[in-house]
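Below is one structure, written out as structure tokens; the observations come after it.
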Amino acid sequence: RGAAASAMGGVCGSGETQDSKFQKGGENDLSDGPVQSRGCTDILCVPLFIAAQVGFLFVTFYSFADGNQAKLYEPRDYQGAYCGVEKNWNDGPNLAKTPKLTYTMNVTSFLDIVVKQTLCSSQAAEAMMSILPSQSLKDEYSCDCCRTPCARCSGAYDTGGDLTSAAGFTTTITARMDEMRDPSKASRLFSPGSANGDTFSTDKFWSEATKYFNQVCSSECQLNASDTTEAWRTYVYKPSPDNELSKWWNYMLNASDSSLTTPVKSVMTSAFTLSAMPLSACPYHPSLCVPLPGISMSELMPGSDYCSFAMASRVVGALGSSAAEAFESMGFDSFRAASTQSFGDWAGDFQASIDTFVVVCVLSFCIGLVFLVLLRFFVGCCIWASIVLSLLFFVLAGFLSFVVSNQCEGAGVLETGKQTAVAIVVAGSTKLQAAENASEALSGEGADYRGRQRYTKNGRKCLAWDDQAVMPEYNSTNYAALEQGSHFCRNPYAAEDPNRAKTIWCITNDPDVPWEECTPIGVIQPDCSQGYAISSKNSRDALWYLSFVIWALGGVWLIIVLCFVSRIRLAIALNKVAAVFVGSNPSILLVPVVQAILTISWCIGWFYAISFLMTQVPDNYLPKEAFATYAEAYGTDTEPGKCTDKWPTGGVWKDPEC
């Protein structure tokens, strides 16, 4: 023991001083707990603590008069109003009789492809050209429908096929709409063989459920026509005024009858009429109360005010139970991932599940004690696993930052990653196969591009310009930029052409997407002509540099781990010793038990009091009037809007009745 003390003194200082500082029987004896010769240094903090608690209780009791704890846990609809609450903030709707948060069809998103096919197919285009009075309007229509390459389009609309005859037009559009209106035909809607193709039968549709459904308050999760004596409402669809196709929709409806326009008008006036739930069951504009055939809603759990997706029995029979359950799960996960949680939501969730909280605390404590005892056996596995997961985090976080730094507006992260992968693969394969190194230089709209890119940005193969029949006017005879026999991406146009693409493109081998833009070989992250998901260039640059910083930190982390392998092993051994000590002295576990009981009791009381304070948002805290533009209400990158310039911020939504 003496030798050990001398060695310690040689390393850390005077061993004698260290031994005598807390010597048993001395002035600072710690063998029976804290030292005896100490003074009260916290006496001034006691009255301050008492005063703070008294003030907190006063404010809490004052808020009991106006507080409504239900606003912390009741579900909220698309505009932020509380289901099941009579008096909503800012003179919001009375939803006392509609406590369930359910989902209805977002008509605009659901009908988007059908509307584009209705107005932009060859049959509709021929009718439209016969009624438009000027060439400028015809060019504008062709651009809005992406029937010809122009700056606002990145490719032709993929609507599931062109319609070239009046009979085919009527049959196809009516069949597609019937699947979204008629419950007896709903089983086809989610089948790849339906009139709507695979639009609603893919994982992508269900993973983007927030785009296709509205969150509204209703009297029941699932309402059928037989459940109420009140008549259902009728909603006749028309594009909103800010939709680029709204102008052409109105042109066609107001056109004089002829052999070309009559079939189109007939379908538009008959097929786009939908049924909406009664006002008592769905107190919103009819466009927000249209149920989707084939989808039934059920309570998330018995007695819950939250509804979840469930496939109707007809659909389950057509798809099979496994596929139906998978779609239901993806749809609900989409809404759960998109939901935003505030502190008030958390407090409300806590209050609604207080019993569960206590049970979880007790179980967690018991599991923690068992874990401490068993730690000696698997502490090594835990530590090495955490190190490996840390390295994996650096790799994945850097890749995500790299992809998001160039994510285009309207494109998903997976889509951006796919386009990046295509660009890398094409660049590599071209370098290996090319007999000569052609210049990939591109400036402006790409009229000067003479590179060898033969794949579109999504990997579709280009057809030879002279051999394709999709747009026969684009050939080497009419445009010098199209070399005879070549199938490389170009942007051919003449000075007098009213429409022109904004970059290079080509005719694809995909009949559903006849043309699509390309990016030059070697351009891994092309510019986004329609804007970026992250509008600030500084933020995008920061993310781009951040990806390399994260990867560099991962490399540094790996080097540190390799250099300290022996120290890590020593730390594992020390943890095992500590676990053995806890197992040998079980009475020491009473200390955290008492601490846990006191902490849980304090948290329960604090959350109960704070639940009243969180609902004390004064009337007129946020404006009640409507605003003409989204930017005015929500704000811009640099300036907050009228609804977002205070905390807590308000929500912004589009009012269909305006």
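The values are calculated or read from the model by the stated rules, or taken from the named source; none is laboratory data. These figures come from a predicted structure and were not determined experimentally. Heads up, the Cβs are rebuilt from the backbone with ideal geometry, glycines too, and the neighbour counts pull from every protein chain shown. Calculation scope for accessible area: heavy atoms of the full protein, side chains included, ligands and nucleic acids excluded. Shrake-Rupley method; radii C 1.70, N 1.55, O 1.52, S 1.80 Å.
Note on the stretch 456-486: residues that are surrounded by 19 or more Cβ atoms within 10 Å (Cβ to Cβ), assigned to a loop (DSSP other than H, G, I, E, B) and not aliphatic (A, V, I, L, M) total 6. If you go through the stretch 409-420 and keep only what is in contact with a strand residue (DSSP E or B) (Cβ under 8 Å, 6 or more places away or on another chain) and surrounded by 15 or more Cβ atoms within 10 Å (Cβ to Cβ), you end up with just 416.
Please enumerate the residues belonging to the stretch 249-266 that are open to solvent by 50 Å² or more (accessible area, probe 1.4 Å) and either within 20 Å of residue 234 (Cβ to Cβ) or under 35 Å from the mean Cα position of the chain (by Cα) (or both). Break it down stepwise before answering.
Narrowing the stretch 249-266 to residues open to solvent by 50 Å² or more (accessible area, probe 1.4 Å): 250-251, 253-254, 256-257, 259, 262, 266.
Within the stretch 249-266, 250, 253, 266 qualify.
Search the stretch 34-66 for residues being open to solvent by less than 70 Å² (accessible area, probe 1.4 Å) and among the polar types (S, T, N, Q), and hand back the single one that is modelled with the lowest pLDDT. Top of the filtered list is 63. The residues in the stretch 627-652 that are modelled with pLDDT of 80 or more, under 26 Å from residue 68 (Cα atoms) and out of contact with any helix residue (DSSP H, G or I) (no Cβ under 7 Å at 6 or more places or on another chain) can be counted, and the count is 1.
Scanning the stretch 160-204 for residues that are hydrophobic (A, V, I, L, M, F, W, C), at pLDDT below 75 and out of contact with any Lys or Arg (no Cβ under 9 Å at 6 or more places or on another chain) returns 190, 200. Set side by side, the residues 199, 269 differ, and just one is over 25 Å from residue 101 (Cβ atoms) and open to solvent by 60 Å² or more (accessible area, probe 1.4 Å), which is 269.
A quick yes/no check of all residues on (1) closer than 16 Å to residue 238 by Cβ; (2) of a type outside the set (Gly, Ala, Ser); (3) in contact with a helix residue (DSSP H, G or I) (Cβ under 6 Å, 6 or more places away or on another chain):
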| site | (1), (2), (3) |
| --- | --- |
| 112 | yes, yes, no |
| 115 | yes, yes, no |
| 153 | no, yes, no |
| 163 | no, yes, yes |
| 174 | no, yes, no |
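Note on the stretch 126-154: residues that are within 27 Å of residue 194 (Cβ to Cβ), open to solvent by 10 Å² or more (accessible area, probe 1.4 Å) and assigned to a helix (DSSP H, G or I) total 1.
When residue 69 is tested against (1) modelled with pLDDT under 75; (2) over 20 Å from residue 306 (Cβ atoms), just one condition goes unmet, and that condition is (2).
Test residue 406 against the stated conditions and say whether it is of a type outside the set (A, V, I, L, M, F, W, C), within 13 Å of residue 523 (Cβ to Cβ) and either open to solvent by 40 Å² or more (accessible area, probe 1.4 Å) or at pLDDT 80 or above (or both).
Details: of a type outside the set (A, V, I, L, M, F, W, C): yes; within 13 Å of residue 523 (Cβ to Cβ): yes; either open to solvent by 40 Å² or more (accessible area, probe 1.4 Å) or at pLDDT 80 or above (or both): yes.
Considered against the rule, which asks whether it is of a type outside the set (A, V, I, L, M, F, W, C), within 13 Å of residue 523 (Cβ to Cβ) and either open to solvent by 40 Å² or more (accessible area, probe 1.4 Å) or at pLDDT 80 or above (or both), residue 406 comes out as yes.
Just to confirm my filter: which helices (runs of 4 or more DSSP H) fall fully inside the stretch 562-658 and include at least 3 residues that are within 31 Å of the chain's Cα centre (by Cα)?
Values: elements: 565-584, 590-613, 630-634.
Per the criteria, 590-613, 630-634.
For residue 17, the requirement of being modelled with pLDDT under 85, assigned to a helix (DSSP H, G or I), over 26 Å from residue 620 (Cα atoms) and out of contact with any helix residue (DSSP H, G or I) (no Cβ under 6 Å at 6 or more places or on another chain) is met.
Of the residues examined, residue 589 is one that is touching a residue at least 12 places away in the same chain (Cβ under 8 Å) and open to solvent by less than 80 Å² (accessible area, probe 1.4 Å). Among the residues of the stretch 69-115, just one is basic (Lys, Arg), assigned to a loop (DSSP other than H, G, I, E, B) and in contact (Cβ under 8 Å) with a residue 24 or more places away in the chain, namely 97. Restricting attention to the stretch 158-171, the residues that are open to solvent by less than 40 Å² (accessible area, probe 1.4 Å) and within 13 Å of residue 120 (Cβ to Cβ) total 4.
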